[in-house]
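Worksheet: one structure, shown below.
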Amino acid sequence: MNKTWCTKPNEKYKAVIDEIEKLRNAGRPTLVGTTSVEISELLSRMLKQKNIPHNVLNAKQHAREAQVVAEAGLSGSVTIATNMAGRGTDIKLGPGVKDAGGLAIVGTERHESRRVDRQLRGRAGRQGDPGSTQFFVSLEDDLMRMFGSERIASLMDRMGYKEGEVIQHSMISKSIERAQKKVEENNFGIRKRLLEYDDVMNKQRNVVYTKRTHALFGERLALDLDNAFYSVAEGLINSFKEGNDHEGFKLAAIMNFGIDTVITAEELEKGSVQSLAEKLYTESKSNYNRKLETTAEQTLPIIKNIRREQGNHIINVAVPFTDGRKAIQALANIDKTIESNGTELMNALERSITLALIDDAWKEHLRAMDDLRHSVQTAGYEQKDPLVIYKIEAFSAFKQMDDSVNKDIVSFLCHAGIPMEQTNAGKIKEGREEKTDMSKMRQRKEEFAGATSSTGGPEYMNQENEYYEPSAPVKQEPVRVEPKIGRNDACPCGSGKKFKQCHGKDM
């Protein structure tokens, strides 16, 4: 049996309590379905006022869920449950319950989704057991307020219904089902729209994650870097060819590739974009390959020395690189680096900087895309589809991010080098995190402070290219963080002597 009852607002919960009391007196177990924790607690308080024993199954009693569900099918038991509580568990009927009519379902409100209502109804009549379902609906319920409550209220007034009088009519049931269908269609449209927005981000995410995987595992990274070099070269040609700005073009080549390009002003003006881009790409790649070979030759003897002096227990070596603005440590396997004559170290540098720059750019891009998604919603006021605007702007933003990442990667690789003061075995070290030794730092500071010759010029120390360039000699007082102790004051050590006769004797 499936009934829908519509009552006046102030009488719905009173009618629910009366129905529960009647079912309990008939020996039937009752499951009361509610839409929120607040309503379940309200019904619980009303049942307590009538001294009706019951169990409450909501998010606050999740630890007792198994016990509450086990007792829900006993004769005369009353269980108040929210939508999600106890789902997926059959309620077994106790002795004599089938003869009394089986499990009774009492719904305190019709849900926005018919699926949830059907799940609640499905509690009764499981495995062929008998049961019944009743829903109590008020004109002040959210669903009724959204769809047709005023029309039904005016109809009730014309038909002469009084306050608290129960209405049971097929028109009410059909009106509720139409409202539920409208809500479901609206929710489906929202989910479909969200999926279309997310589809744009998913395509971009696949591109970024593919590049990141290449960098992480070294697969096709060389090809991605070749594409980055060519992309930057083509972008520079397109940017400066139109305005025939040869001086700006040469400066941009220095900033991005670290080369003084041989492309003349005449070639920039008359040559095709493709041929000029190919020439600049070849020139920049040749310079970069020479740079890789030189850096590998410089670092290989130091890494071999580390292996020779510190033994075979060291697995990785960390080498610092900087382009003057950014700094990064390349972590490479020391055996592979020695076997490849330093190539593995340069590969590690390419992997590290590519991963770091992609991750930073992608995080910023995600924030920008989230802001874009909210801002395009106003396009509806201009009779434009926000999704179309979003797709156009998202493509432009992603293209800009990709170009920026390529430029940053190429610029760093073409300008990166090991800092001069770190081209020694003491700075290229084992690739693991180490704690800073403050005593050594203080000792190093004292060495720097005393590293001037009698003529005031810089003096090289330890025969390493580390030097100290002094400014005008200034006598500095130590920074005091406590009040100054007078010579005739009591010594703070507690000896009872004056400071000048105790710890201040040598000062």
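Each residue in region 382-412 was checked for being exposed (fewer than 13 other Cβ atoms within 10 Å of the Cβ) and touching a Ser or Thr at 6+ places or on another chain (Cβ under 7 Å), and 0 of them qualify. Scanning region 131-145 for residues that are surrounded by 15 or more Cβ atoms within 10 Å (Cβ to Cβ) and touching a helix residue (DSSP H, G or I) at 6+ places or on another chain (Cβ under 6 Å) yields Thr133, Phe136, Ser138, Leu139, Leu143.
The number of residues in region 72-97 that are at pLDDT 80 or above and either surrounded by 15 or more Cβ atoms within 10 Å (Cβ to Cβ) or outside the structural domain of Asn51 (by TED's automatic domain parsing) (or both) comes to 16. Of the residues Lys391, Lys407, Lys399, Lys363, the single one that is more than 30 Å from Glu196 (Cβ to Cβ), within 27 Å of the chain's Cα centre (by Cα) and in the same structural domain as Pro320 (by TED's automatic domain parsing) is Lys407. Within region 23-38, at least one residue is at pLDDT 90 or above and farther than 22 Å from Arg126 by Cβ.
Is it fair to say Arg212 is at pLDDT below 90, surrounded by 12 or more Cβ atoms within 10 Å (Cβ to Cβ) and either among the charged types (D, E, K, R) or under 18 Å from Ser404 (Cβ atoms) (or both)? I'd like the intermediate steps shown before the answer.
Numbers: at pLDDT below 90: no; surrounded by 12 or more Cβ atoms within 10 Å (Cβ to Cβ): yes; either among the charged types (D, E, K, R) or under 18 Å from Ser404 (Cβ atoms) (or both): yes.
Answer is no for this residue.
When Phe249 is tested against the conditions (1) surrounded by fewer than 18 Cβ atoms within 10 Å (Cβ to Cβ); (2) farther than 30 Å from Asn333 by Cβ; (3) not β-branched (Val, Ile, Thr), the lone failure is (1).
Can you pull out the residues in region 170-217 that are within 28 Å of Asp385 (Cβ to Cβ) and basic (Lys, Arg)? Scanning region 170-217 gives Lys181, Lys182, Arg191, Lys192, Arg193, Lys203, Arg205.
The values are calculated or read from the model by the stated rules, or taken from the named source; none is laboratory data. Note that this is a predicted model, so its numbers are computed, not measured. Reconstructed Cβ throughout: ideal geometry from the backbone, glycine too, with neighbour counts over all protein chains shown.
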